[in-house]
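> Pasting in a structure now, in structure tokens, and then I'll have a few things to ask.
Derivation of every value follows stated rules applied to the coordinates shown; laboratory data play no part. All values derive from a computational prediction rather than experimental measurement. Here Cβ is always computed from backbone atoms with ideal geometry, including for glycine, and neighbour counts include all displayed protein chains.
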Amino acid sequence: MNVIKRYLFGILLIGLAVLNVQCKKNQTTDKVSIEKSIYGTLPNGQKIESYTLKNQKGMEVTIITYGGIITSLKAPNKEGKSEEIVLGFSSLEQYTKPNPYFGALIGRYGNRIAKGKFSLDGKEYSLAINNQPNALHGGPEGFHRVVWTALENKGGDTAASIKLQYVSKDMEEGYPGNLTVFVTYTLNNNNSLDVLYEATTDKKTIVNLTQHSYFNLSANFTKTILDHEITIDADQLVPVDATLIPTGELTDVTNTPFDFRKPKLVGKEIDAKDEQIKRGLGYDHCWVLNNPNKGERLAASAYEPKSGRLLEVYTDQPGIQLYTGNFLDGTLPMRDKGVYAHRTGFCLETQHYPDSPNQKSFPSTVLSPGEHYKTKTTFKFSVK
Ligand code: GLA
């Protein structure tokens, strides 16, 4: 009897030891890890998850299933100190209140559509006017305010990723077709964050997805971003009218405040006496990126000399919107204390040109059944 007991006890011990080794292995094998937790609960009881991706080079990104929002992004400065560099809030409740799309996924159509109207095959569609007199960023209940489903999340030796899905119903926010959207965020061990957007539809529709993170590479949100050096690989701009709708032409940036072909301080000409600058209240424009047929290429960069942080944005998209936080007005709370003041963050939103559905000469944003919308943007962080 005793022999059997001892035998069973022995087996139990071996089992526990194997389990222990296995657990440890799981904890340590992933060089780029991902950790899931519950971020908060919506008033309707729905739980919002958060996923934190972390690599071994000091980068950490947190994404929540509400709006696919990047709530936190930490990257090292030139001393190797990892710090928060995106504007964000401290609670889910704050993200559900009106805010200028902090960190969010934008869709079904990023940027503006004139008077909220567009036509497909002779049929006119009307969208909500949420940015007088136009429609902006997919509507009041756009992709930035819906709950995404986290389909897969995995860590690994070189990268960790989280794949989000959202199914936007036919006529949701006024857009035709059931649109199935996937956005995969991948953090690599070389300090780049890839955002892969995919979509399919069952009816002809329009799609223009983007990411609306506000960066301040100094990690000091009480400072403006005017001392950041920006580069944009674009010879042309998409000029806008007084309501920020493209006039239809594409203009040369030479000898204008919009020439960022060589690194230039954001603050240098942000208040220049220039009609386009006046209309945007600073920079709030889309640039026509060079090399449109090259696939993913370096489109823009931002450098903050004091911290040494450099952000490079790669994309396969035809345009990029630089928005310099001109509407930030000291009313939104920071994570701990303080408020986000005028121009304390900038966005580099890769996208098709605004109002493309109404501009015949712009690259098309129409997606038809059987087609696969697939586009990638990479935010790469380093120091110099
Ligand atoms: C976009 C627009 C801006 C502004 C911000 C949010 O970047 O182009 O005009 O609406 O979003 O405030």
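> Net charge near Thr247: determine it from the other residues with C-beta under 12 Å of the C-beta of Thr247, scoring Lys and Arg +1 and Asp and Glu -1.
Spelling it out: positives minus negatives among the neighbours equals -3.
> Still on this structure: So for the pair Ser126, Lys223, with labels modelled 7 Å out along Cα→Cβ, what separation do we get in nm?
4.9
> So what's the chain giving for Cα Rg divided by 2.2 N^0.38 Å, two decimals?
1.08
> Mind telling me which of Leu42, Leu237, Leu196 comes out most flexible in a GNM of the chain, alpha-carbon contacts under 10 Å?
Highest fluctuation of the listed residues: Leu42.
> Sticking with this one: Which of Gln56, Gln211, Gln236 moves most in a GNM of the chain, Cα contacts under 10 Å?
Ranking Gln56, Gln211, Gln236 by mean-square fluctuation puts Gln56 first.
> Counting only residues 5 or more places away or on other chains, whose amide H sits under 5 Å from the amide H of Val383 once H atoms are built in the peptide plane?
Amide H neighbours of Val383: Leu310.
> Go ahead and estimate [θ] at 222 nm for the chain from helices alone: -39,500 (n - 2.57) per DSSP H run with n ≥ 4, summed, over the residue count, rounded to 500.
Result for the chain, helices only: -3000 deg cm²/dmol.
> Which whole-Hz couplings ³J(HN,Hα) result when phi for each residue of region 46-59 is put into the Karplus expression 6.51 cos²θ - 1.76 cosθ + 1.60, θ = phi - 60°, listed in order with x for Gly and Pro?
5, 7, 9, 8, 10, 10, 10, 9, 9, 10, 9, 10, x, 9
> Using mean Cβ contacts within 10 Å as the protection proxy, how do 204-210, 172-178, 115-121, 341-347 order, highest first?
Taking the mean over residues of other Cβ atoms within 10 Å, the ranking is 204-210, 341-347, 172-178, 115-121.
> Just the Cα atoms of region 131-235, one point each, no solvent: what log10 I(q)/I(0) does Debye give at q = 0.22 Å⁻¹?
For region 131-235 at q = 0.22 Å⁻¹, log10 I(q)/I(0) is -1.18.
> Still on this structure, please answer the following. Taking a cut-off of 19 Å between Cα atoms, list the aspartates and glutamates near Lys337, but don't count ones fewer than 8 places away on the same chain.
Glu83, Glu84, Glu93, Asp329
> Here's a follow-up. Between Glu371 and residues 5 or more places away or on another chain, which pairs have amide H atoms under 5 Å apart, with H built 1.01 Å from N, and which residues are they?
Residues meeting the criterion, in which the H sits 1.01 Å from N, are Thr201.
> Please turn the phi angles of region 313-325 into ³J(HN,Hα) values with the Karplus equation 6.51 cos²θ - 1.76 cosθ + 1.60 (θ = phi - 60°), one per residue in order, whole Hz, x for glycine and proline.
Once θ is set to phi - 60°, the couplings for region 313-325 become 10, 10, 7, 9, 7, x, x, 9, 9, 9, 10, 9, x Hz.
> What is the fewest-to-most order of Met171, Met59, Met334 by other Cβ atoms lying within 10 Å of their Cβ?
So the residues, fewest neighbours to most, are Met171, Met334, Met59.
> So, one more: Given region 232-273 reduced to its alpha-carbon atoms as identical point scatterers, what log10 I(q)/I(0) does the Debye formula return at q = 0.17, 0.20, 0.32 Å⁻¹?
Each listed q maps to, in turn, -0.50, -0.68, -1.13.
> Mind checking which of Thr29, Thr71, Thr365 has the largest fluctuation in a GNM of the chain, springs on alpha carbons under 10 Å?
Highest fluctuation of the listed residues: Thr29.
> Karplus couplings for region 107-120 from phi (6.51 cos²θ - 1.76 cosθ + 1.60, θ = phi - 60°), rounded to Hz, Gly and Pro as x?
Once rounded to whole Hz, the list reads x, 6, 10, x, 6, 9, 10, 4, 6, x, 10, 7, 10, 9.
> Let me ask you something else. Compute the convex hull volume of the Cα atoms of region 310-384, divide it by the residue count, and report the result per residue in Å³ as a whole number.
Per residue, the Cα convex hull of region 310-384 comes to 169 Å³.
> Moving to a separate point now. Report, ordered by chain and residue number, the aspartates and glutamates lying within cross-link reach of Lys376, taken as a straight Cα distance under 15 Å and ignoring same-chain residues fewer than 8 apart.
Asp194, Glu198, Glu296, Glu312, Asp316, Glu349
> In degrees from 0 to 90, rounded to the nearest 10, what is the angle of the helix 2-29 Cα long axis to the longest principal axis of the chain?
20
> Using Cα positions and a limit of under 25 Å, work out the lysines in reach of Lys47, with same-chain residues fewer than 8 apart set aside.
Here the lysines satisfying the reach criterion relative to Lys47 are Lys36, Lys74, Lys97, Lys154, Lys163, Lys169.
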